[in-house]
Amino acid sequence: MSHIHHATHLKRRYGLFLLIVMLLIAACAPDDLDITPTVTNTPIPTPSLTPTPNPDADAEAETSAETGNTEIEAAIDTLIAALPNRLPAGAIEWRRDYSRGEDGISPLTNVQAGGSGVKVYYNEQTGGQMNLSFAFFDDAEAAKEHYEFIKGIRSVLDTGRTEDNFPQPNLFGSGLYGSIAIFQVANAFIEVNIELFSSTQGNPLVPLSRATINTFNAAMGLSEETS
């Protein structure tokens, strides 16, 4: 009996020893052994909604604009080269006024619908002054748009009249602020603006307009039927 009791006592002591060892191991285990996966909150990048430029389309549009401007500038250069220093018109001879603009020429302002043009200055010996404006556009519709714009801002044209023997459309007007005639010829706009003139010589607007249209037609290779 003593042997059995002694064996049982040893088993209990051995079991208690194992329990103590296991508790010690558990107590000494490091805290960072947790293998539970963690979830991060890093945001997922989203694609930018900014439209990406199309280089080909931009280049094509730029090339088209440059081509159109080149054609208009070429027409302006051709016209300037053909304008005379002396422009006879009826009883008056107008002379290029080099004291205004740059060599008697300045860029045309307030040009509508993407056109471009120049203003050329003249005077005459009795003190009269006038200027001729020429603008070119991509098409006749744009030229007509500019024609209507100038018609609306020139007060002397409010009671203007149309002359049958000139290119259509046209409008002639005279008043306290000078005499003006405007024309649309195909894709071009022309304005004759007499700022000062001697009343003793009569109104030179019609003969000057005729000389201007003839000069324009000759410069641009147009037939007399256009005028």
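For the reader, a short list of remarks on this structure follows.
- Whole-Hz Karplus values for segment 207-216 come out as x, 5, 5, 4, 5, 5, 5, 4, 5, 5 Hz, taken residue by residue from phi with 6.51 cos²θ - 1.76 cosθ + 1.60 and θ = phi - 60°; glycine and proline positions read x.
- Exposure rank, largest accessible area first [VAL120, VAL111, VAL206; 1.4 Å]: VAL206, VAL111, VAL120
- Value of Rg to Rh for segment 67-220 (Rh from inverse mean 1/r over Cα pairs, i.e. Kirkwood): 0.94
- Computed extension gain for THR70 through ALA82, at 0.36 nm per residue and net of the alpha carbon distance, reaches 2.5 nm.
- Label zone of ALA91 (point 7 Å out along Cα→Cβ, amide N under 18 Å): in segment 182-211 this covers 196-211.
- For the residues GLU145, GLU124, a 1.4 Å probe over the protein chains yields an accessible-area ranking, largest first, of GLU145, GLU124.
- Segment 160-175 and segment 128-145 have Cα centres spaced 15 Å apart.
The values are calculated or read from the model by the stated rules, or taken from the named source; none is laboratory data. For clarity, every value in this text was computed on a predicted model and none was experimentally measured. All Cβ positions, glycine included, derive from the backbone under ideal geometry; neighbour counts span all protein chains shown. To get the accessible areas, we keep the full protein, side chains included, count just its heavy atoms, and leave off ligands, DNA and RNA. Shrake-Rupley method; radii C 1.70, N 1.55, O 1.52, S 1.80 Å.
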